[in-house]
Structures are given as structure tokens and as C-alpha cells.
Amino acid sequence: MERTFLMVKPDGVQRGLIGKIIARLEDKGFKMVAGKLVQVSQEQAKRHYAEHEGKDFYDNLVNFITSGPVFAMVWEGDDIIALSRMLMGKTNVKEAQPGTIRGDYASHTPHNLIHGSDSPESSAREIANFFEAHELVEYDKTISPWT
Ligand code: IDP
């Protein structure tokens with residue numbers, strides 16, 4: 001079972017899309033194990049986007065992600081890192097297919113509504129940047145054999 005860090009970005013929170021985005025992940029059969037509203041600090045944002053430091057969009061990205069609250073989450077499921085990125089759609093909203101979260105709701109990059117980890121290493125690092133271990137809830141869903 002794999003875990004990933006997923007975050008509704010400030011545009012998604014302001015647009016009232018937290019519920020719709022969570023519904024897509026629940027509908028797919030994944031399990032939320034942690035979730036909270038967070039005002040991201042500059043330091044936390046820089047840690048989160050460290051791989052993009054030096055790129056031309058980096059300053060805008062840090063400003064964007066700290067511009068309002070985000071909804072930070074940890075989700076669990078088989079192959080969830082790859083599968084949740086498929087549900088999210090491509091980074092560039094012009095390439096995000098209809099049927100994906102970004103394809104259906106986002107019309108301007110970098111305002112692409114959702115972040116999702118791209119590897120197990122990023123997932124572990126990103127979860128630790130937002131959550132204490134005790135905030136992750138272990139529980140079973142009786143439906144899990146069917147998903
Ligand atoms: P991802 O969010 O799909 O994993 P990344 O390449 O990790 O994509 O980029 C992180 C975020 O930075 C993107 O979601 C988007 O908000 C922003 N971003 C990425 N590339 C560009 C760009 O070329 N111009 C403006 N913003 C960008």
C-alpha cells in the first residue's frame with residue numbers, strides 16, 4: 001500500500017473545490033488518512049518546492065502557494081502516486097485532458113488546483129513537511145476488498 005501527499009492549492013480553496021476534489025479521490029477508491037487546512041509559511045513553501053529553486057517561475061510559485069490557505073492531505077492506495085497524478089491531469093492546463101481535475105476545473109497555469117507527489121521519495125519528504133506522524137490515522141475500510 002502506497003501513500004501520497006496531495007494538496008488543494010490556494011486557488012482550489014478559494015474557488016470552493018475542496019469537496020469536489022476529495023470526491024474524485026474517494027470515488028476512485030482511495031483512502032484519506034490525514035487532512036487539514038494550512039496557511040503555508042515561506043520556509044515550508046521553499047522546502048516543498050526546493051526542486052524548482054532557480055527556475056523562472058519559482059518566486060511566483062512560492063508567492064502563490066503562500067497566498068491563502070491550502071488543504072493538505074495524505075491518501076493511501078495501491079499505486080496511488082501514479083494513479084492520483086492521472087486523476088490530477090497534466091501540469092500545464094493547456095495539456096490537461098477533460099475528465100481530469102485540472103482538465104475540468106483549471107484554466108491557468110500555475111493555478112492548477114492540486115499538488116500530488118511524483119515519487120515515493122517526494123511523498124515521504126512532503127508528508128513530513130506538513131504532518132506529524134501522529135496526525136496520520138490508521139483505519140480499515142470495510143469496502144477495501146472491493147476497490
Ligand atoms: P506538478 O504540480 O504537475 O507535479 P511540477 O513540475 O512539480 O508539476 O511544478 C510544480 C508547480 O509549479 C506546478 O503545479 C505549477 O503550479 C507550477 N509550474 C510548473 N511549471 C510551470 C511553468 O512553466 N510556468 C508556471 N508555473 C509552473
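Note the angle between two axes, namely the Cα long axis of helix 18-28 and the longest principal axis of the Cα atoms of the chain, as a number of degrees from 0 to 90, rounded to the nearest 10.
40
What are the semi-axes of the equivalent ellipsoid for region 2-146, taken as the square roots of 5 times the Cα gyration tensor eigenvalues, largest first, in whole Å? It would help to have the intermediate numbers written out before the result.
Working: eigenvalues 106, 68, 38 Å².
Computed over region 2-146, the values are 23, 18, 14 Å.
Hey, rough spin-label estimate for residue 137 and residue 55, points 7 angstrom out along Cα→Cβ, what's it come to in nanometres?
In this crude spin-label approximation the distance works out to 3.4 nm.
Residue 94: which aspartates and glutamates have alpha carbons under 16 Å from its alpha carbon, excluding same-chain residues fewer than 8 sequence positions away?
104
On a straight-distance basis, which lysines could pair with residue 141 in a cross-link, Cα separation under 25 angstrom, same-chain partners fewer than 8 positions away excluded?
20, 28, 31, 36
For region 66-147, give the magnitude of the charge dipole about the Cα centre (Cβ charges: +1 Lys/Arg, -1 Asp/Glu; no others), in debye to the nearest 20. It would help to have the intermediate numbers written out before the result.
Values: 6 positive and 12 negative charges, 98 e Å.
Here region 66-147 has a charge dipole of around 480 debye.
In debye to the nearest 20, how big a dipole does the chain give about its Cα centre with +1 on each Lys and Arg Cβ and -1 on each Asp and Glu Cβ? Can you show the working numbers first?
Numbers: 17 positive and 21 negative charges, 97 e Å.
Once rounded to the nearest 20, the dipole reads 460 debye.
With the cut-off at 19 Å, tell me which of the pairs 46/90; 9/90; 9/46 have Cα atoms farther apart than that. It would help to have the intermediate numbers written out before the result.
Values: 46/90 22 Å; 9/90 15 Å; 9/46 15 Å.
Cα-Cα > 19 Å for 46/90; rest within.
What is the sum of charges around residue 107, taking Lys and Arg as +1, Asp and Glu as -1, for the other residues whose C-beta is under 15 Å from the C-beta of residue 107?
Its environment carries a net charge of +2.
Once you mark the chymotrypsin sites (Phe, Trp or Tyr not before Pro) that are in a DSSP loop and have at most 15 other Cβ atoms within 10 Å, what is the longest gap between them in the chain?
Working: sites that count: 57, 139.
The answer is 58-138.
With springs only between Cα atoms under 10 Å apart, run a GNM on the chain and tell me which of 56, 27, 118 wobbles the most.
Greatest mean-square fluctuation among the candidates belongs to 56.
Read-outs: derived from the displayed coordinates by stated rules, not from any lab. This structure is a prediction, so every number in the text was calculated from the model and none was measured. Backbone-built Cβ (ideal geometry, glycine too); neighbour counts: all protein chains shown.
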